Amino acid sequence: MTFSFIQITDHHLRETEATLTRGYSPAYVFRAVLKHIAAHHSDVDFMVSTGDLVELGADSEYQLARRILGLGAYSLAPGPQPANFEGLCNIPFYLLPGNHDPRDAFFRNMFPAVSAQGASVPVAMNVTFTHKGVQFVCIDWGNENKAVTTSAMLEHVATSLARPLPSVIFSHHNVTPIGFPRIDALVADDITEFEAVVRGKQVIALFAGHTHATYESAIADIPVFGLRSTSFSFAQAGDELCYVLRPPHYRVVTIVEGLMTSTVVEVPV
């Protein structure tokens, strides 16, 4: 059981590569991150995006994401779909939705095989996949900026973690405070219910997005890792959050016999 993967998060892509957000080009920086990954970490087993793929949820934004990533054959959620970019060929790519990803548009564009099979579009993406003896549990806290706990999500986590496999949890929303009051308020009010479900289970780590910040924390004695966005970062200014231009991050995770190491890579842009 030895492998590595890369986490990226919160890309907030717009309808064209020329479309700016506050004078900033999300597509340009997203491409810079992908180019850096292709140049330095082409040997990883897979990549995962932990949500907020686009900004507004328009079909044109998702189609831009597909073109930039060079996504190939469609799959069921969460993937993988073969990605091809900057000379990197057919790297398995997994996708989670965030609060900026309306589920109808997200599934219609990124996982149309769901509709093609005649199934109704899911209202949440609580799914699992397994890689080299490790179970990856993807959880969905909903479309709102603040996480909302659902019984379906808790049942999914409980059922998944009952299996005799070491597990990693992927979440868009943050599950712990990070020291910014405005962001800390986005943690689910009843987060203790989630904490009770994961406590004492074989969870190696939890990887999250949403905060646009890189941090390390813990919940129920499980390491929690947040990651800076490929779009804006935030800074707390009194009661307000300010948009800040910082170099984007991606995270390289290696798991060897159930032991995890994590390296944050900063991309100069």
- Name the pairs whose Cβ atoms lie under 7 Å apart, with the first residue in the range 256-269 and over 16 Å from residue 45 (Cβ atoms), the second aliphatic (A, V, I, L, M) and not in a strand (DSSP E or B), and 6 or more positions between them or separate chains? 267/32; 267/33; 269/29; 269/32
- Query: In the range 7-49, which residues are in contact with an Asp or Glu (Cβ under 6 Å, 6 or more places away or on another chain) and on the phi > 0 side of the Ramachandran plot?
  - Reply: 10, 12
- Note on the structure: Of the residues in the range 13-52, those that are in a loop (DSSP other than H, G, I, E, B) and under 12 Å from the mean Cα position of the chain (by Cα) number 3
- Task: From (1) surrounded by fewer than 14 Cβ atoms within 10 Å (Cβ to Cβ); (2) at pLDDT below 95; (3) within 19 Å of residue 38 (Cα to Cα), pick out the condition that doesn't hold for residue 239.
- Result: (3)
- Every residue from the range 229-244 that is outside any strand (DSSP E or B) and either closer than 26 Å to residue 206 by Cα or in contact with an Asp or Glu (Cβ under 6 Å, 6 or more places away or on another chain) (or both): 229, 230, 231, 232
- Listed by range, helices (runs of 4 or more DSSP H) wholly within the range 55-118 having at least 2 residues that are within 17 Å of the chain's Cα centre (by Cα) are 59-69, 103-110
- Task: Only residues that are of a type in the set (A, V, I, L, M, F, W, C), in contact with a helix residue (DSSP H, G or I) (Cβ under 8 Å, 6 or more places away or on another chain) and in contact (Cβ under 8 Å) with a residue 40 or more places away in the chain: list them for the range 187-221, please.
- Result: 188, 194, 197, 198, 203, 219
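The values are calculated or read from the model by the stated rules, or taken from the named source; none is laboratory data. Not measured: the values here are computed from a predicted model. In this analysis, Cβ positions are derived from the backbone assuming ideal geometry, glycine residues included, and neighbour counts consider all displayed protein chains.
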